[in-house]
Structure formats: C-alpha cells, structure tokens
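First comes the structure, then the notes that go with it.
The values are calculated or read from the model by the stated rules, or taken from the named source; none is laboratory data. These figures come from a predicted structure and were not determined experimentally. Quick reminder, even Gly has a Cβ in these numbers, built from the backbone with ideal geometry, and neighbours come from all protein chains shown.
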Amino acid sequence: MAKYIIRRILWTIPVLLTVVLFSFLLMKAIPGGPFTREVSLPQQIVDNLNEKYGLDAPWYTQYARYVYHAVQGDLGVSMTQRGRTVTSIVGNAFPVSMQLGLGSFALAMFIGVPLGVIAALRHNSWADYVAIFVASIGWAIPVIIIAPLLIYFFSVRWNWFPAFGWGDTERMVLPIIALGTGFTAYFARLTRSAMLETLQQDYVRTAKAKGLPWGKVVWRHVLRNSLIPVVTQAGPLLGFLVTGSFLTEYIFSIPGMGRYFVDSVTNRDYSIVLGLAVILSAVIVFANLVVDILYGFLDPRIRYD
Amino acid sequence: MSHLLEINNLRTHFFTREGVVHAVDGISYTVDRGKTLGIVGESGCGKSVGAMTIMKLIPMPPGRIVEGEILFEGKDLTKASERQLQSIRGNDIAMIFQDPMTSLNPVLRIGYQLAEGMRIHLGMSKQEARERAVELMDAVGIPAARNRLDDFPHQFSGGMRQRVMIAMALSCDPKLLIADEPTTALDVTIQAQIIDLLEQLQDQFGMAMLLITHDLGVVAGVSDDIVVMYAGKIVEQTDTEELFGNPQHPYTEALLGSIPRLDETHRRELANIAGLPPDLVNPPSGCRFHPRCRYATQICVDKEPPLAPYNGGPGHLVACWHYRDSREK
C-alpha cells in the first residue's frame, strides 16, 4: 500500500508538467497579451515590459524557466497586479475557495447521501417520490438562479444573512447553499440508484434469509456496497469544489480562486493562470488518490501493490 | 404426528405492469421431519418462487401471497409478523441459493458472514461464533478452515463458496433446509460432491430438506418424494422410486426421456420437449401443458385436470386426462 501511494505521488509530477505545458500553450494561443490595451502603448514600453517579465524569450525557454522556478516554490509575479506574487494571491484565495468548497461538499455528503438512502429504502412511496422530485429540481436549477433567489429572500426580504462577502460564519451560509444544492441533489439521486441496485443483489437476500433484522441487513450488507459509486464521484467533485466555483464566488463577491481564474484569463495574466492551474490539478490528482485509497478499504477485491 | 411443513393451496402472484404473473398457482405438499422432498420442473415453472415464499423472501410488492397456507410446525407463516419470520429465518428454516458467486457479500469476510446468524439466533459471542464457524467449515469440507476465516468470498472457488453457503445454512441447526438449485451454477464434478455433502449432513444434523432443481438426476438419489411442477402447478407427485419407475404424466415422461441413461443398450437420440415454458401472465387454458403435449385432445384444452390419486399406486397423484396407464388400456 505504502509503495502504491508513493508511486501515485510520483506520478503527479509528469501530470503537473503536462498540465502546465498545455495551459502554457493554450494561453499563448489566445491573441493578445498582458500589456495589450485599447489604446495601444508605445512599442518601446511593451518591449520593455515583455523583457521584464521574460516574455521576449521563445515559449520553450519560458516554459523551462517557469518550471525551474516553480520547483523552488516560486510561481512568479502577477503581470497585471503590480508587486503581488502569485504565491500570495493564491495563498489568500485558496483557503476561501476551500472553505466554500468543503462546506458545499459536506452539504452534499451529509444531506444528499442520507436523502438518497431514505428514498431507496422507501422505494415507490410518497417519500421516495418527493425526494426524487426535489432532487431533480435541485439538480436542474443552476447556481445563477438559486443564488439570486437566496439573496432576495434571505438577505433582502427577511434580512437573515448578509448578501455578500466572506469571513464570518453567517456570510458563508448562502454561498454554501447556493453552490451545494445542485450537488446535494445529484448525490441524493446517485446514492438512491446505487442503493436500489444493491438491494437487488443476491447477497442481500442471503442476509435476509439468515434472519437478520432489516436494519442490520441495510447497515451491514447494503450501505457499504452502495457507497462505492458514491465515493467514485465524490473525489473529483471535492477537487472541483475546493478549487472554486466562478459563478458562486462572483455573485456573492467572494475573493476565491474561481474569480481570480476568470479575471486572470481575461487579463492574460499568464503567471496567475498557470499558478491556479497547477494548484487545481494538484488538488484533483490528490482527491483521486484519496478515492483510490478509500476504494481499497470499501472493496476488498481491489488490492494495490 | 403432524408434518414439519405443510403447504396448502398456495398461490403466489406478481402484480406487474404487464399483468398478473401466476408464478405459483395452487400447490400443496408436505415435508416430514428428516425427509427430503424434491421439487422438479424447468426454469420459470414457479418452483423457486414457491420455495422463497415459504420464508417470504420474494419481493413484496410486486409479489403477493393471494391464497393458501404455509404451516410450519403447525403455525401459519403467511400470517406471521416480520419479527416472527426473522426468528425463523436462518434458525428453524435455512436456505441455500443457486448462485454461490453472488450469494455472498463481496466486501465482508467469510468468518463474519458465517458468524452473523449464530450471533443473532444463538446469542453467541464473537469468539464463540468464530470457533463454531471453523467447525462448520471443517464439516463442509473446506480445507485449512481456520486460516480461511478472514478471507473474502472472491478468494474462494465456486464450489468452495457453495460449501460456505451450506455451512452458513447449517450454523443454527435448522429443522428444514431449503436448497434452491444448489448445484446448477457448479461444474458437474463439483455438483456430485455438493449433493453427497448435503446428503451426509442431512443425516448428521437430522434436518428435513426441500431440494429444488430442474435436474432429475440430482433429486434421484437424495429425495424420498418428488413433486413435478409445470407452469405454477403440480402435475405429478409421488415417491422417488415410483416416479422413476412408473411416471404417469406426459411431462414427467418427457423430462425422464431427456436424460441419458448409462444402462441403455442401444444408442437413441435424447428426447427434448418441444416449445417453451408457457407465459405465466396468460397461461394456456385447461391443462397448462397441452400446447406442448403430444397426447393432447379437446378436453385438455377445455378443462383443467385435477391433481388426483391415480388408480395404480397409493399416494401417487397425477394431473392429466390421459396419464400413461389410461392411454395404454
């Protein structure tokens, strides 16, 4: 197992290098640059800026330079926000996105999964239909609609929660609900169908034939087997959530990574885009590793060596 | 003395979107203590559903017992509460299923799955149940039992898994063992081993057995009595020797004709039964076997033959207008 984990961690190196390479090439493929303005600057100034940020070198030299510095923990400086390093920007934005993401993830896991379990156990009853109806709606409505509705009712009309910002707990409530609702619904549906499939299995009938009380059959023989597909999807979702959701962060004016990502692409702030891409892919790779390790615990047929 | 198990006019139907499936349609039989009853019939004739109904292991809904009694030691299980059933399942009546590859939970250790029933029904501690599990695994012929307690099902072969299933079924010393196609999913050589094992354990534990199979060869050596089912109904019922020596129903004859015999002197082509098992949503009128029966006449289409004692032998019931002796007269 330890060997397997080490091997997987070593594998992240080529993955990250490739991610950086592709981000690099894609950024270069977009017309314009960080110093392109509506009113064009004198050529001499642009040349100076390009030289200052190393943009005058051929792309492979830039790539090599970037990797060389990044390995030493230096992700460069922002090209549009003067004097700020990428590390400090990401260092501020990442924890914010992570809190928002983890909150929404917890919502999906602790509300969505149990809802799915209950719906499956009450299959074809009104509780099942209500749960599935609500979940379908929850999954179908995008953040861009949920978020303004939440703000309108809970902030503007009833004044229960602040409408924007981040920091104290009460500011976190609405964004977490806005971002988490869709995924809660999604996980409720996923868990329900996984449970229904497991309930059909022969070994569940065996457990029942042993005379186990139904609760024990569900707890011991159904839940764990049903969680395998849930874990599969939860890993990448966690990666996706903690790296920021642009829409939610934008609507609630949250200084997280999602916003920076979009802004820096628009501004061609190459070093920030690359820095965020590296963090994002590292988190996703890590989340997948966690999923694969969890698999080993959930399903003994999977063994790593 | 009363029978251990007495089934009276049992009907189990499934209420599906396509219509009502008459899976079990009025069957009656008895099993006595320590005896073996074989239930034979082709796939889809209702034999498994009938057996599962005894412990209410069919999905309800869509399944429902629409009529009949299941008397186990005189108590009607159709009226038993879920709680009462739980104390009977795995304890007084145990069951072995067809496919050992899917009947064990892939994520739980063998020892745990074996111990589960004993801890519930016999109130054993974890340690006691583990010890007993080793004894049971020895008894069903699993080599190096103690070392295999912590293995998972995928580390066992099909035959070994079926032995685990048997050990599990025997763990609480049941009075009745229901074996639903226990050998169907196994290699032929393993089949014989499992049947021998069941027979030997039956003597050892003194339990009654309900052996459900489509394979007459499997029941021949083990059963005291045999029930032949077709399309949810019993067509012939008698003791094993009589059934093999003096089959009366054309369906039984056809089933017997489809097994090769070692003592045959000349080569013959194995007979098969033309057509497919009937649709249980709209079963054929009259005798349900008539569309496939070569002796069928108008009465078979119009009227259902009763399952009645046949004048040749006592306790030999047959449901046919043209049973063999009547044809030969």
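Here are a few things to note about the model shown:
- Filtering A:PHE246, A:PHE261, A:PHE240, A:PHE252 for residues that are at pLDDT below 85, within 19 Å of A:ILE145 (Cβ to Cβ) and within 18 Å of the chain's Cα centre (by Cα) leaves a single hit, A:PHE246.
- Where A:VAL46 falls short, out of the listed (1) under 20 Å from A:THR243 (Cα atoms); (2) assigned to a helix (DSSP H, G or I): (1)
- Output for region B:177-229, where each listed residue is in a strand (DSSP E or B), over 16 Å from B:ALA94 (Cβ atoms) and among the aliphatic types (A, V, I, L, M): B:ILE226, B:VAL227, B:VAL228, B:MET229
- Here B:HIS154 meets each of (1) within 9 Å of chain A (Cβ to nearest Cβ); (2) touching a helix residue (DSSP H, G or I) at 6+ places or on another chain (Cβ under 8 Å); (3) within 25 Å of A:ASP299 (Cβ to Cβ) with one exception, condition (2).
- Residue within region B:4-24 that is in a strand (DSSP E or B), more than 30 Å from B:VAL318 (Cβ to Cβ) and polar (S, T, N, Q) present: yes
- Residue within region A:87-109 that is in a loop (DSSP other than H, G, I, E, B) and either more than 30 Å from A:TYR295 (Cα to Cα) or in contact with a Lys or Arg (Cβ under 9 Å, 6 or more places away or on another chain) (or both) present: no
- Verdict on B:PHE72 being under 23 Å from B:THR184 (Cβ atoms) and among the hydrophobic types (A, V, I, L, M, F, W, C): no
Conditions tested, residue by residue: (1) acidic (Asp, Glu); (2) surrounded by 15 or more Cβ atoms within 10 Å (Cβ to Cβ); (3) under 25 Å from B:PHE244 (Cβ atoms).
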site: B:ASN9; (1), (2), (3): no, no, no
site: B:ARG17; (1), (2), (3): no, no, no
site: B:THR53; (1), (2), (3): no, yes, no
site: B:LEU57; (1), (2), (3): no, yes, no
site: B:PHE72; (1), (2), (3): no, yes, no
site: B:GLU82; (1), (2), (3): yes, no, no
site: B:THR102; (1), (2), (3): no, yes, no
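- Single residue of A:ARG65, A:ARG8, A:ARG84, A:ARG37 found to be touching a Gly at 6+ places or on another chain (Cβ under 7 Å) and of a type in the set (D, E, K, R): A:ARG65
- When each of B:ARG83, B:ARG89 is tested for being over 17 Å from the mean Cα position of the chain (by Cα), of a type in the set (D, E, K, R) and within 30 Å of A:LYS216 (Cα to Cα), the lone residue that passes is B:ARG83.
- The residue that is nearest to B:ASN311 (Cα to Cα), counting only those in region B:238-263 that are at pLDDT 80 or above and among the charged types (D, E, K, R), is B:GLU242.
- Within region A:180-205, tally of residues that are within 11 Å of chain B (Cβ to nearest Cβ) and in contact (Cβ under 8 Å) with a residue 12 or more places away in the chain: 5
- Selection status of A:LEU238, part of a helix (DSSP H, G or I) and crowded, with 23+ Cβ neighbours inside 10 Å: yes
- Applying the criterion of being charged (D, E, K, R) and within 40 Å of the chain's Cα centre (by Cα) to the residues of region A:199-214, the residue that is surrounded by the fewest Cβ atoms within 10 Å (Cβ to Cβ) is A:ASP202.
- Residues that are assigned to a helix (DSSP H, G or I) and of a type in the set (Asp, Glu) within region B:135-168 comprise B:GLU135, B:ASP138, listed in sequence order.
- Among the numbered conditions (1) farther than 30 Å from B:ALA179 by Cβ; (2) within 12 Å of another protein chain (Cβ to nearest Cβ), the only one that A:ARG224 does not meet is (1).
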